[in-house]
Ligand SMILES: [Zn+2]
């Protein structure tokens, strides 16, 4: 397993390797359950040994339906499509919170099925296609050629390679590099751009009518996914979410949080970053995270600890500092 760990790390999936090398079948889940305000959640999953899908949301308004994030696996895309047909609506737009493959991989298939779809996102994917994603594709191809990827994980790795090969199709039709209020599908939404946070530019959405912040991977469980992050920019973005007036936060991975829970998660994140930037033992930082975010980790503790150890080291080593200069 050690030999193919670099490929998984390059794909942003170090934590997968920490627990299991087997791509397992995800548990069944309900599709597109309503969360109020003409909004449906298609919950992402991250079972041990499987690459994650981020949460997706379907919102609808007078002008049709819009999707926030399109997942990675075909199964997740099926749930999204069932969600659209369930409400009897055609999607007119996709908003991508960021370019990680567990949030954008459904874009090409949806655009093929619904040619009028407009994709909203930041331009950060341009740098990712020539940088992080190109490098991770190279590492994956090498690992595949060497037979270093377990057979069960090969389809998922090949799926990501196919998505990266169609990278140009992941780029937004409407580039949103500055925060602005707009209406999409007739829904008034505030698009907020965070610089140098989870990626070089992340988009999060404030739905003022519902007092709901849809924040992508600015909030994730069982750990913050820091692979392409600037920790300090991320802290700043969380300050902005906290100041938005939101009463509810929809994370990129994990359950919806009332604002009090978001405050607990944010405190644990602030402490984890401060600890990893400090000089004490990194195991103590991981232990602090496991305690602070305990309510979202439960029986996933061994994997969360392994991932926290990995990300703590990534911060401590200075390897993420380049993402703060982008
Ligand atoms: Zn994600």
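The values are calculated or read from the model by the stated rules, or taken from the named source; none is laboratory data. Computed from a predicted structure; not experimentally measured. Cβ placement follows ideal geometry from the backbone for every residue including glycine, while neighbour counts extend to all protein chains displayed.
Name the residue that is surrounded by the fewest Cβ atoms within 10 Å (Cβ to Cβ), counting only residues in region 274-312 that are under 18 Å from residue 231 (Cβ atoms) and out of contact with any helix residue (DSSP H, G or I) (no Cβ under 6 Å at 6 or more places or on another chain). It comes out as 279. In this entry, residue 177 passes the filter for residues that are surrounded by fewer than 16 Cβ atoms within 10 Å (Cβ to Cβ), in contact (Cβ under 8 Å) with a residue 24 or more places away in the chain and either closer than 22 Å to residue 55 by Cα or under 19 Å from the mean Cα position of the chain (by Cα) (or both).
Note on region 19-70: among residues that are in contact with a helix residue (DSSP H, G or I) (Cβ under 6 Å, 6 or more places away or on another chain), within 15 Å of the ligand (Cβ to nearest atom) and part of a loop (DSSP other than H, G, I, E, B), the one that is modelled with the lowest pLDDT is 51. Looking only at region 270-287, decide whether some residue is on the phi < 0 side of the Ramachandran plot and in contact (Cβ under 8 Å) with a residue 60 or more places away in the chain. No, region 270-287 contains no residue that is on the phi < 0 side of the Ramachandran plot and in contact (Cβ under 8 Å) with a residue 60 or more places away in the chain. Figure legend. Inter-residue proximity from region 98-111: first residues closer than 10 Å to residue 166 by Cβ and in the same structural domain as residue 170 (by TED's automatic domain parsing), second residues within 14 Å of the ligand (Cβ to nearest atom) and assigned to a loop (DSSP other than H, G, I, E, B), beta-carbon distance below 8 Å, spacing 6+ or different chains. Indicated pairs: 105/70; 105/71; 105/72; 105/73; 107/70; 107/96. Every residue in region 258-268 that is surrounded by 22 or more Cβ atoms within 10 Å (Cβ to Cβ) and either within 16 Å of the ligand (Cβ to nearest atom) or more than 19 Å from the chain's Cα centre (by Cα) (or both), please. 265, the sole residue that qualifies.
Rundown of residues vs (1) within 12 Å of the ligand (Cβ to nearest atom); (2) more than 21 Å from residue 133 (Cα to Cα); (3) assigned to a strand (DSSP E or B); (4) touching a residue at least 40 places away in the same chain (Cβ under 8 Å), yes/no style:
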| residue | (1), (2), (3), (4) |
| --- | --- |
| 202 | yes, no, yes, yes |
| 216 | yes, no, yes, yes |
| 246 | no, yes, no, yes |
| 249 | no, yes, yes, no |
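Under the condition of being surrounded by fewer than 18 Cβ atoms within 10 Å (Cβ to Cβ) and in contact with a helix residue (DSSP H, G or I) (Cβ under 6 Å, 6 or more places away or on another chain), the residues counted in region 84-107 number 0.
Just one residue in the set 183, 162 is surrounded by fewer than 23 Cβ atoms within 10 Å (Cβ to Cβ) and either outside the structural domain of residue 42 (by TED's automatic domain parsing) or under 21 Å from residue 325 (Cα atoms) (or both); that residue is 183. Checked against (1) surrounded by 19 or more Cβ atoms within 10 Å (Cβ to Cβ); (2) within 16 Å of the ligand (Cβ to nearest atom), residue 153 passes all but condition (2).
Between 124, 109, 93, the distinction of being at pLDDT 95 or above and within 16 Å of the ligand (Cβ to nearest atom) belongs to 124 only. Region 259-320 holds helices (runs of 4 or more DSSP H) entirely within its bounds, and those carrying 1 or more residues that are within 20 Å of residue 236 (Cα to Cα) map to 259-277, 282-292, 301-316.
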